[in-house]
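One structure is given below, encoded as structure tokens.
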């Protein structure tokens, strides 16, 4: 399910207007109609107004992103903007290209890491994108012995034209520590494969980690492959 940014902003503005009209009319009613109502009730109404405005403002900002609702449930607005700031392209839109196929990505370079552990290359990874339908697809990958392997994860895709971004939420246990992260794959589909392929991930939650074995929540890494792969 996609969220149309402009429409949701208008809806949020309309909701805010309704709240303001209600509070103003009720305040007038209190002043003119029943003088026995204490001033503190008016103060409560005003506080409710400010709380509603704050909530709707944050909701409107997040809904303004043209991404699947499931992605907005995985990532906060701040996390999406952080990934962009750190160098990851995130392509919004409701008309992503078809990316089904098998791909090889070799020599993916870590261009950024929140913890400073960058300037290194990954294993060669084989990706398989299948069952694309609407804004969902299945992502499987294999990085060889000793690396990550996934036989198929449900993912969500956004984009427009030839540009796309794929979002996958993963849950796992490493060193006995539970964690959740979100990986984003972005690129431009072409006849010979995928150009300007990037992927990045951000840690969104983790269990007790007294020896700091894993990245902290909110930290991210960005990888880039300059050449096409396919």
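The values are calculated or read from the model by the stated rules, or taken from the named source; none is laboratory data. Given the structure is predicted, the values throughout are model-derived calculations rather than measurements. Every residue, glycine as well, gets a Cβ built from its backbone with ideal geometry; the counts of neighbours run over all protein chains shown.
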Item to complete: Considering only residues that are modelled with pLDDT under 95 and in a loop (DSSP other than H, G, I, E, B), look in the stretch 68-113 and name the one that is surrounded by the most Cβ atoms within 10 Å (Cβ to Cβ).
Response: 108
Worksheet item: From 185, 179, which residue is touching a residue at least 40 places away in the same chain (Cβ under 8 Å), assigned by TED's automatic domain parsing to the domain that holds residue 79 and assigned to a strand (DSSP E or B)?
Response: 185
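Can you find a residue that is in a loop (DSSP other than H, G, I, E, B), touching a residue at least 60 places away in the same chain (Cβ under 8 Å), assigned by TED's automatic domain parsing to the domain that holds residue 150 and within 19 Å of residue 115 (Cβ to Cβ) anywhere in the stretch 190-205?
No, because not a single residue in the stretch 190-205 is in a loop (DSSP other than H, G, I, E, B), touching a residue at least 60 places away in the same chain (Cβ under 8 Å), assigned by TED's automatic domain parsing to the domain that holds residue 150 and within 19 Å of residue 115 (Cβ to Cβ).
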Worksheet item: Any idea how many residues of the stretch 144-176 are under 22 Å from residue 222 (Cβ atoms), touching a residue at least 24 places away in the same chain (Cβ under 8 Å) and exposed (fewer than 14 other Cβ atoms within 10 Å of the Cβ)?
Response: 2
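Confirm whether residue 119 is without any contact (Cβ under 8 Å) to a residue 60 or more places away in the chain and part of a loop (DSSP other than H, G, I, E, B).
Here the answer is yes, as residue 119 does meet what is asked.
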Practice prompt. Look through 153, 106 and report the one residue that is over 21 Å from the mean Cα position of the chain (by Cα) and in the same structural domain as residue 185 (by TED's automatic domain parsing).
Written response: 106
Item to complete: Could you please let me know if residue 126 is in contact with a strand residue (DSSP E or B) (Cβ under 6 Å, 6 or more places away or on another chain), assigned to a strand (DSSP E or B) and touching a residue at least 40 places away in the same chain (Cβ under 8 Å)?
Response: no
Worksheet item: Within the stretch 138-152, is even one residue in contact with a strand residue (DSSP E or B) (Cβ under 6 Å, 6 or more places away or on another chain) and under 18 Å from residue 96 (Cα atoms)?
Response: yes
Worksheet item: When you go through (1) closer than 20 Å to residue 71 by Cβ; (2) modelled with pLDDT of 95 or more; (3) surrounded by 17 or more Cβ atoms within 10 Å (Cβ to Cβ) one by one for residue 141, which number turns out not to apply?
Response: (2)
